[in-house]
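Q: One structure, pasted below without further comment.
Rule-based calculations on the coordinates, nothing more; no lab input. All values reported here derive from a predicted model rather than from experimental measurement. We place every Cβ from the backbone using ideal geometry, glycine too, and count neighbours over all the protein chains shown.
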Amino acid sequence: MGPAGSHIHPGVRLRRCLCVGEPALPNHSVSRYAFIAGKRETREALRDWHHRPWPALGRWFAGSFCAATLLLLATWAIAGVSGSGGFTVQTAGPPFHVGGWAQVATILEHNLLVLALHAMACIAGFIAGSSLPLQAESHSGLSRAIHERGGRLAITFVVAATTFSLTAQAVVLGGETASVAAALNTSPGTLLLVLMPHALIELTALFLPLAAWIIASRRGEWNQLLAATFVTVAIALPMLLVAALIEVYVSPQVLHALI
């Protein structure tokens, strides 16, 4: 939880800065005020989390872990009802055979792109929910309505995009899991169990920014989203490295030992 002042709606904070009867600030002044307010609130959030990190971290990790678990369960369910055909999966490299640092780099490159997209969603949420309302006073008509309702529109878009992404990933991963399991003469559940150590770490790391976004937006803490982006990305980076190392060097050996 941030300082008491951080929970006041941004538009209200701006109106308090204007005297009664004073004309609205020009556009460039409002934009500058929004930028300065965003920097101040980001520093306040980081300072507060430095002293009390576990409440926020606990919420983020719980939300991200639930999303990762849900995706894996959906993958298992879809794999169970999917046929072995329709998907061609390369099994010459990790996590089916031990690789090297080149494979680690390739996995990291792909996951860093996904993490960057999720982090950008978090930053967009900060702009829509915190900065746009500050600038609503200098707009009118449809433009003002969009600025005032930026947070609600952002929530709708991100929740819809996240749901679509999870569904699409579950369908594709489920089909691929069924094909690989058939090729290895094992069940999809056994295959996922072998791959779960690196998959759970990887997915939890990738979903951290989105978990912070959804939790903060539901709590009305739009001003904390920029700080949450910095923190979640910093936490996710070493997690993705660990997951890639497990996928390249550990999972193939576990796979060969159990299957």
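Q: At what distance in nm do the modelled label points of PHE157 and VAL89 sit from each other, each positioned 7 Å from its Cα along Cα→Cβ?
A: For PHE157 paired with VAL89, the spin-label model returns 3.4 nm.
Q: Continuing with this model, one more query. Using a 7 Å offset from Cα along Cα-Cβ at ARG59, what residues in the stretch 203-228 end up with backbone N under 17 Å from the label point?
A: So the set is 208-228.
Q: Oh, and also: Work out from phi, with θ = phi - 60° and the Karplus expression 6.51 cos²θ - 1.76 cosθ + 1.60, the ³J(HN,Hα) of each residue of the stretch 188-193, listed in order in whole Hz, and give x for Gly and Pro.
A: After applying 6.51 cos²θ - 1.76 cosθ + 1.60, I find x, x, 5, 4, 5, 5 Hz.
Q: Points 7 angstrom from Cα along the Cβ direction at VAL81 and VAL172: gap in nanometres?
A: Placing both labels 7 Å beyond Cα along the Cβ direction yields 2.1 nm.
Q: Give a residue-ordered list of calculated ³J(HN,Hα) values for the stretch 94-100 (Karplus: 6.51 cos²θ - 1.76 cosθ + 1.60, θ = phi - 60°; whole Hz; x for Gly, Pro).
A: Each residue's phi maps through the Karplus curve to give x, x, 9, 9, 4, x, x Hz.
Q: Distance in nm between label sites at ALA257 and VAL242, each 7 Å beyond Cα in the beta-carbon direction?
A: In this crude label model, ALA257 to VAL242 measures out at 1.9 nm.
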